[in-house]
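Asker: Starting off with a structure, shown below.
The values are calculated or read from the model by the stated rules, or taken from the named source; none is laboratory data. Model, not experiment: these values are computed from the prediction. As a convention, Cβ positions derive from the backbone with ideal geometry for all residues, glycine included, and neighbour counts pool all protein chains shown.
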Amino acid sequence: MAPTKHARQLAVNAVQLKTAKGIVGDRFFGFRQKHRGRNITLIEAETLDNFNKNYGQTISLDATRRNLLTRGIRLNPLVGKIFYVGDVLCKGVELCEPCGILARHIANATLTHPEIIKAFTHRGGLRAEVLSDGVVRLGDRCKAADN
């Protein structure tokens, strides 16, 4: 989460989620968007691991500007599906495709914006709507609601 626009992403051990509003304390908490249901963003740890290995990088979650890092679950199939993050119920809304902002945060002397956009296309994570209040803690599982 980042408390204000352009602020550095903060790594925390727990966040409080509120229905239809997102992460308490995040810059987008309760933000009214043109399209509903974009309360949180998630990205797979495996995506970052593969990117770092394939491009010889060491980017971290904060560079992606996503809110939550998952491991052991594919996020793309969760578009339109109900799932849990810990005990919090969420619904996948759409893929979080890469944009110029993501590229700007990751670009360096060895990687161009187009290379970054290409590397994260269809692997940039998931935008989700928060359907229930609760606390998500570091290490909580992310799983489909039917599991």
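Asker: Yes or no: region 70-86 includes at least one residue that is touching a Ser or Thr at 6+ places or on another chain (Cβ under 9 Å) and closer than 17 Å to Q9 by Cα.
Answerer: Taking every residue of region 70-86 in turn, none turns out to be touching a Ser or Thr at 6+ places or on another chain (Cβ under 9 Å) and closer than 17 Å to Q9 by Cα.
Asker: If I filter region 1-19 down to residues being of a type in the set (S, T, N, Q) and either modelled with pLDDT of 90 or more or crowded, with 17+ Cβ neighbours inside 10 Å (or both), which single residue comes out as nearest to A128 (Cα to Cα)?
Answerer: The first filter runs over region 1-19 and keeps only residues of a type in the set (S, T, N, Q), leaving 4, 9, 13, 16, 19.
Those left that are additionally either modelled with pLDDT of 90 or more or crowded, with 17+ Cβ neighbours inside 10 Å (or both): 9, 13, 16, 19.
Values: Q9: 18, N13: 20, Q16: 15, T19: 11 Å.
Per the stated criteria, the residue is T19.
Asker: Among the listed residues N108, N147, N76, N54, which satisfies the condition of being at pLDDT 95 or above and either more than 24 Å from T19 (Cα to Cα) or of a type outside the set (A, V, I, L, M, F, W, C) (or both)?
Answerer: Working: N108 fails: at pLDDT 95 or above; N147 fails: at pLDDT 95 or above; N54 fails: at pLDDT 95 or above.
Only one candidate qualifies: N76.
Asker: Quick test for you: out of G56, G30, G22, pick the one residue that is over 16 Å from the mean Cα position of the chain (by Cα) and either of a type in the set (S, T, N, Q) or within 16 Å of L131 (Cβ to Cβ) (or both). Full working, then the answer.
Answerer: On the way: G56 fails: either of a type in the set (S, T, N, Q) or within 16 Å of L131 (Cβ to Cβ) (or both); G22 fails: over 16 Å from the mean Cα position of the chain (by Cα).
Selected residue: G30, the only one of G56, G30, G22 that is over 16 Å from the mean Cα position of the chain (by Cα) and either of a type in the set (S, T, N, Q) or within 16 Å of L131 (Cβ to Cβ) (or both).
Asker: Name the strands (runs of 3 or more DSSP E) wholly within region 41-146 that hold at least 2 residues that are surrounded by fewer than 17 Cβ atoms within 10 Å (Cβ to Cβ)? Explain how you work it out, then say what you get.
Answerer: Details: elements: 68-70, 82-85, 88-95, 126-130, 134-137, 142-144.
Because the criterion is at least 2 residues that are surrounded by fewer than 17 Cβ atoms within 10 Å (Cβ to Cβ), the strands (runs of 3 or more DSSP E) in region 41-146 that meet it are 134-137, 142-144.
Asker: Taking the stated definitions as given, is D26 part of a helix (DSSP H, G or I), out of contact with any Gly (no Cβ under 7 Å at 6 or more places or on another chain) and either at pLDDT below 95 or surrounded by fewer than 19 Cβ atoms within 10 Å (Cβ to Cβ) (or both)?
Answerer: Numbers: part of a helix (DSSP H, G or I): no; out of contact with any Gly (no Cβ under 7 Å at 6 or more places or on another chain): yes; either at pLDDT below 95 or surrounded by fewer than 19 Cβ atoms within 10 Å (Cβ to Cβ) (or both): yes.
For D26, the condition - part of a helix (DSSP H, G or I), out of contact with any Gly (no Cβ under 7 Å at 6 or more places or on another chain) and either at pLDDT below 95 or surrounded by fewer than 19 Cβ atoms within 10 Å (Cβ to Cβ) (or both) - is not met.
Asker: Is it fair to say E97 is touching a helix residue (DSSP H, G or I) at 6+ places or on another chain (Cβ under 9 Å), more than 27 Å from A144 (Cβ to Cβ) and modelled with pLDDT of 90 or more?
Answerer: no
Asker: Could I ask something else about it? With the requirement that a residue be of a type in the set (A, V, I, L, M) and within 21 Å of V24 (Cβ to Cβ), what does region 128-147 give you?
Answerer: Residues of region 128-147 that are of a type in the set (A, V, I, L, M), as a first pass: 128, 130-131, 135-136, 138, 144-145.
Selection gives A128, V130, L131, V135, V136, L138.
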